[in-house]
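Heads up, the thing below is written out as structure tokens.
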Amino acid sequence: MTHITSTHLADGRELLYFDDAASARPRSVETTPDRRDLPARGEPGEVRFDALTGEWVAVAAHRQTRTHLPPADQCPICPTTAANPSEIPAPDYDVVVFENRFPSLGPAVGPVPDRPGWGTTGSAFGRCEVVTFTPQHTGSFSGLTETRARTVVEAWAHRTAALSALPGIKQVFPFENRGADIGVTLHHPHGQIYAYPYVTPRAAVMGAAARKFYDAADGTQTLTGSLLKAEREDGSRMVMESDSFSAYVPFAARWPLEIHLVPHRQVPDLAALSGEEKDELAHVYLDLLKRLDALYPTPTPYISAWHQAPVDDVLRPASYLHLQLTSPRRAADKLKFLAGSEAAMGAFINDTTPELVAERLRAVTVPASPADELAPSAPALIEGAHA
């Protein structure tokens with residue numbers, strides 16, 4: 001079982017240590033307090049209602065001063081040293097989650113205004129958290145041991161449950177931006193979790209489609225479940241399968257590289273996975289990221305986005321947890337940029353075929369995970385079982 005220890009930073013932000021299950025002792029935070037002299041936390045920014053689309057837009061001008069690609073000896077998420085008192089007071093850690101010092105949403109929580117129209121504004125309620133995957137400044141998620149990856153999965157699940165229970169929260173979104181081409185502001189391997197006070201535009205569209213399908217099936221089938229079944233039966237876009245998860249390039253992929261990872265049973269979010277499923281997810285997810293990196297001589301930039309059920313009585317029953325892993329990389333030295341059709345109209349044009357991408361992902365040689373004698377036995381993967 002992962003050891004979880006909660007504490008607070010000098011300005012009152014919550015920080016949680018998630019120590020690997022193999023850790024022999026509980027962590028003592030009393031010996032490693034945050035001794036920095038930090039300014040008081042500011043009030044939330046602003047959300048504005050876009051009457052043209054019916055969507056909320058967060059205005060976070062205070063984020064202009066956030067840390068941007070600091071040198072390694074000034075990294076704010078490395079363990080604290082005498083020369084670098086960082087956001088993480090301990091001299092070492094496994095996985096840490098803490099409230100972002102420069103949040104787009106929060107720190108206060110609450111609902112957005114009812115019946116908005118042109119000119120409606122509100123407080124940017126919500127929560128933004130940082131998830132540090134490792135104390136090592138260099139590397140990536142794909143280089144973690146399975147034990148450490150399992151700890152990250154546990155952190156995602158724990159925070160999903162905790163944030164979903166906060167007043168006014170309608171959606172919890174764990175994600176990772178990896179690589180300078182994606183726009184990361186810290187090189188240290190990390191991800192983020194956003195807890196929104198509204199259902200985001202993409203989730204609203206997907207949720208409406210899922211609910212329509214669910215109602216048409218009298219609540220006996222889900223849209224994502226039916227797509228998973230179709231992809232597994234077709235096989236041409238399958239990347240890999242395990243006992244509890246399948247990964248495939250979707251039939252109508254928008255990005256040059258796009259993979260969906262879906263559990264075989266309907267669950268609303270990461271918090272609803274069983275312990276065995278979380279174990280398996282750590283193994284499968286590492287395999288998938290390694291495949292992405294093995295396509296080219298240099299690491300592949302990506303966005304790893306966990307689509308979880310909104311905290312909404314109408315949308316939640318039809319929703320189905322899945323990962324959307326995308327990259328704008330269309331060749332070793334080329335990126336896809338969102339220009340007129342995509343950026344202005346939302347009408348994507350893919351430069352390759354999903355079937356070819358899946359074939360390439362199946363064919364790559366996946367390097368072994370770092371040695372970890374304490375990791376559980378990894379479930380077997382069935383690569384391209386139906387191809």
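The values are calculated or read from the model by the stated rules, or taken from the named source; none is laboratory data. Since the model is a prediction, treat every value here as computed from it, not as a measurement. As a convention, Cβ positions derive from the backbone with ideal geometry for all residues, glycine included, and neighbour counts pool all protein chains shown. Keep in mind that these areas ignore ligands, DNA and RNA; they rest on the heavy atoms of the full protein, side chains included. Shrake-Rupley method; radii C 1.70, N 1.55, O 1.52, S 1.80 Å.
Is there any pair with a first residue in the stretch 96-114 that is on the phi < 0 side of the Ramachandran plot and a second that is buried (at least 17 other Cβ atoms within 10 Å of the Cβ) and of a type in the set (Asp, Glu) whose Cβ atoms are under 8 Å apart and which are 6 or more apart or on different chains, and what are they?
Once the first residue is on the phi < 0 side of the Ramachandran plot and sits in the stretch 96-114, its partners that are buried (at least 17 other Cβ atoms within 10 Å of the Cβ) and of a type in the set (Asp, Glu) give Val97/Glu129; Phe98/Glu87; Phe98/Glu129; Glu99/Glu129; Asn100/Glu129; Arg101/Glu87; Pro107/Glu99.
For the stretch 232-263, what are the residues that are outside any strand (DSSP E or B), among the aromatic types (Phe, Trp, Tyr) and surrounded by 20 or more Cβ atoms within 10 Å (Cβ to Cβ)?
Trp255 - this is the single residue of the stretch 232-263 that is outside any strand (DSSP E or B), among the aromatic types (Phe, Trp, Tyr) and surrounded by 20 or more Cβ atoms within 10 Å (Cβ to Cβ).
Which count do you get for residues in the stretch 32-79 that are aliphatic (A, V, I, L, M), open to solvent by less than 50 Å² (accessible area, probe 1.4 Å) and assigned to a loop (DSSP other than H, G, I, E, B)?
Qualifying residue count, the stretch 32-79: 3.
Can you confirm whether Thr222 is touching a Lys or Arg at 6+ places or on another chain (Cβ under 9 Å), open to solvent by less than 50 Å² (accessible area, probe 1.4 Å) and hydroxyl-bearing (Ser, Thr, Tyr)?
So Thr222 fails the test.
Scan Glu355, Glu277 and give me the residue that is open to solvent by 50 Å² or more (accessible area, probe 1.4 Å) and either assigned to a helix (DSSP H, G or I) or touching an Asp or Glu at 6+ places or on another chain (Cβ under 8 Å) (or both).
Glu355
Restricting attention to the stretch 321-331, report how many residues are open to solvent by less than 10 Å² (accessible area, probe 1.4 Å) and of a type in the set (S, T, N, Q).
Number of matching residues: 1.
Could you tell me whether any residue of the stretch 120-139 is closer than 21 Å to Arg316 by Cβ and under 13 Å from the mean Cα position of the chain (by Cα)?
There is no residue in the stretch 120-139 that is closer than 21 Å to Arg316 by Cβ and under 13 Å from the mean Cα position of the chain (by Cα).
Hey, among Leu292, Leu273, which residue is under 28 Å from Met1 (Cβ atoms), at pLDDT 95 or above, among the hydrophobic types (A, V, I, L, M, F, W, C) and under 19 Å from the mean Cα position of the chain (by Cα)?
Step by step, each of Leu292, Leu273 is checked, and only Leu273 is under 28 Å from Met1 (Cβ atoms), at pLDDT 95 or above, among the hydrophobic types (A, V, I, L, M, F, W, C) and under 19 Å from the mean Cα position of the chain (by Cα).
Of all residues in the stretch 80-104 being surrounded by 15 or more Cβ atoms within 10 Å (Cβ to Cβ) and of a type in the set (D, E, K, R), which is farthest from Ser6 (Cα to Cα)?
Within the stretch 80-104, the match that is farthest from Ser6 (Cα to Cα) is Arg101.
Provide a single number: the residues in the stretch 95-104 that are touching a strand residue (DSSP E or B) at 6+ places or on another chain (Cβ under 7 Å) and assigned to a loop (DSSP other than H, G, I, E, B).
Of the residues in the stretch 95-104, 3 are touching a strand residue (DSSP E or B) at 6+ places or on another chain (Cβ under 7 Å) and assigned to a loop (DSSP other than H, G, I, E, B).
Is it the case that the stretch 297-320 has a residue that's surrounded by fewer than 19 Cβ atoms within 10 Å (Cβ to Cβ), modelled with pLDDT under 95 and outside any loop (DSSP other than H, G, I, E, B)?
So far as the stretch 297-320 goes, no, none of its residues is surrounded by fewer than 19 Cβ atoms within 10 Å (Cβ to Cβ), modelled with pLDDT under 95 and outside any loop (DSSP other than H, G, I, E, B).
For the stretch 1-31, which positions are open to solvent by 50 Å² or more (accessible area, probe 1.4 Å) and closer than 26 Å to Pro197 by Cβ?
Selection gives Ile4, Ser6, His8.
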